[in-house]
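The values are calculated or read from the model by the stated rules, or taken from the named source; none is laboratory data. Predicted model only: the values in this text are computed from it and were never measured. All Cβ positions, even for glycine, are placed from backbone atoms using ideal geometry, and neighbour counts span all protein chains on display. Calculation scope for accessible area: heavy atoms of the full protein, side chains included, ligands and nucleic acids excluded. Shrake-Rupley method; radii C 1.70, N 1.55, O 1.52, S 1.80 Å.
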Amino acid sequence: MKQSVLYVPTLKEAPSNAEVKSHRLLARAGLIKQTAAGVYTYLPLGIRVMQKIERIIREEHDARGCSEMLMPALQPRDLWEESGRWDDYGPALMRLKDRKERDFCLGPTHEEVITAIVRDYIDSYKKLPLALYQIQTKFRDELRPRFGLMRGREFVMKDLYTFSTDEADLDRWYATMMTAYTEIFRRSGLETKIVASDTGEIGGDQAHEFMVLSEVGEDTITYCDTCDYAANQEYSALSEGDSCPHCEGTIKTAKGIEVGNIFKLGTKYSESMNAFFTDADGQRKPLVMGCYGIGVSRTLMAAVEQHSTEDSILWPDSITPFDVHIVPLKGNEDLGRRLHDRLATQHEVLLDDRDERPGVKFKDADLIGIPWRIILGKSTKEGKAEVVNRRNDEVQLVPIDDLEVYLSGQ
Ligand code: ATP
Ligand code: MG
């Protein structure tokens, strides 16, 4: 891919409202652009990263028997009246009217829509269980949209809904999705902590959040420095310095970014929205539901927060917008194009073919954060390229003819 045609509008200065490092970097590196408060455009580099995260999510869901679909963002008031949330959801619900004065909202979540979809068809236990998900744009008129993609008013979420005959089957899905989420965040290069967010009075945990530890996180987590214990401070009786109730360890606190959560809904929506099935024993019962969300755009942001310095991103291999960045300096433009075509058969390659000074090219390349950089400069006279491994900033002079072999050995 040629940088000159990709549209990567890098900036010298971050927008003045960019309060956190990841927001500054995403804007400066030309991945996102604000269109309105809490509303962003994903520019070509940004959408490439997002699509990679989405691919990982799809693979981990499809492998576990979940089916992808796509529901409408535009949702009629009637459904929200059925669940009682037209009133309960409050001012975060983006409401609008059509030309006939009928009320709609832009979906902040899809429990109502999905329940209405399955209730018409699922009449018997024989059609269960069912796990349906989508990756879609959500709308919430957040009180304080901020930190770029962290708390948007329009953002991309993956939401999955499971439908079971009983609690035991819901428990199975819950455990399955906990594993799936662990894999998704691990594969995306993110270190997460699983945090109990509501220990539930009826016994057992009802909800867990997946947190990326980060100073800019909006949640506070209490966790044990020795065992796996972790809880959202909102629901925890423990504080910094306490001894862990589960082991010999000590309780610590840290800020976290919630990138995903899993939740046992039970029969709240199936009862209020009349989604029943007939069980093997002939009894009519409400569907037992679970819901599982991942903030896809927030995950992108959290990845940058975790993998960057103030002036440069360093993408995990699995979600990097490109694998290799070729930077030809004056006189090496043709060589750059040829090398691009060669390497592009095996890697995702970005070629900086812009007519810019070396300093500008290097600064932008640092910002953009592609893990391998190939500089075509003076040493091309000896048939060599400078290969920079951005992970450790090691530079190797590699014969241009051997670059395929060199890169594939890494
Ligand atoms: P939060 O406590 O951060 O508001 P939530 O509990 O409202 O999150 P859910 O409704 O369960 O979140 O949404 C699922 C996921 O979507 C969250 O874990 C988070 O990663 C993401 N998310 C929620 N609200 C936003 C937002 N305004 N902007 C970006 N991502 C969001
Ligand atoms: Mg919220």
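Kindly state which strands (runs of 3 or more DSSP E) lie completely within the range 219-282 and contain at least 1 residues that are within 14 Å of ligand 1 (Cβ to nearest atom) and within 17 Å of Ser164 (Cβ to Cβ).
Filter on the range 219-282 gives 251-266.
Only residues that are touching a Cys at 6+ places or on another chain (Cβ under 6 Å) and within 16 Å of ligand 2 (Cβ to nearest atom): list them for the range 47-93, please. Can you show your working first?
Residues of the range 47-93 touching a Cys at 6+ places or on another chain (Cβ under 6 Å): 75, 93.
Correct list: Leu93 only.
Just need a number here: residues in the range 116-162 that are within 19 Å of Val288 (Cα to Cα) and under 24 Å from the mean Cα position of the chain (by Cα).
Step one: list which residues in the range 116-162 are within 19 Å of Val288 (Cα to Cα), which gives 116-133, 159-162.
Filter again for under 24 Å from the mean Cα position of the chain (by Cα), leaving 130-133, 159-162.
Total meeting the criteria: 8.
If you scan the range 391-410, which residues turn out to be touching a residue at least 12 places away in the same chain (Cβ under 8 Å), within 30 Å of the chain's Cα centre (by Cα) and open to solvent by 20 Å² or more (accessible area, probe 1.4 Å)?
Selection gives Arg391, Ser408, Gln410.
Is there any pair with a first residue in the range 261-283 that is farther than 22 Å from Glu82 by Cα and a second that is basic (Lys, Arg) and open to solvent by 40 Å² or more (accessible area, probe 1.4 Å) whose Cβ atoms are under 9 Å apart and which are 6 or more apart or on different chains, and what are they?
Matching pairs, first to second residue: Asp279/Lys285; Ala280/Lys126.
Can you report the number of residues in the range 237-272 which are within 29 Å of the chain's Cα centre (by Cα), among the hydroxyl-bearing types (Ser, Thr, Tyr) and more than 24 Å from Met150 (Cα to Cα)?
Within the range 237-272, the subset within 29 Å of the chain's Cα centre (by Cα) is 251-270.
Of the ones still in play, those that are also among the hydroxyl-bearing types (Ser, Thr, Tyr) are 253, 267, 269-270.
Still in the list and also more than 24 Å from Met150 (Cα to Cα): 267, 269-270.
The qualifying residues number 3.
Go through the range 46-93 and give me each residue that's open to solvent by 50 Å² or more (accessible area, probe 1.4 Å) and under 30 Å from Arg28 (Cα atoms).
Ile47, Arg48, Gln51, Arg55, Arg58
Is it the case that the range 275-288 has a residue that's of a type outside the set (A, V, I, L, M, F, W, C), in the same structural domain as Tyr223 (by TED's automatic domain parsing) and under 28 Å from the mean Cα position of the chain (by Cα)?
Looking through the range 275-288, none of the residues is of a type outside the set (A, V, I, L, M, F, W, C), in the same structural domain as Tyr223 (by TED's automatic domain parsing) and under 28 Å from the mean Cα position of the chain (by Cα).
Does any residue in the range 365-378 that is among the aromatic types (Phe, Trp, Tyr) come within less than 9 Å, Cβ to Cβ, of a residue that is assigned to a helix (DSSP H, G or I) six or more places away or on a different chain, and which pairs are these?
Pairs that qualify, where the first residue is among the aromatic types (Phe, Trp, Tyr) and the partner is assigned to a helix (DSSP H, G or I), are Trp372/Leu407.
Yes/no matrix, rows are residues, columns are (1) surrounded by fewer than 17 Cβ atoms within 10 Å (Cβ to Cβ); (2) within 24 Å of Glu59 (Cβ to Cβ):
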| residue | (1), (2) |
| --- | --- |
| Tyr292 | no, yes |
| Thr299 | no, yes |
| Asp323 | no, yes |
| Pro328 | no, no |
| Glu333 | yes, no |
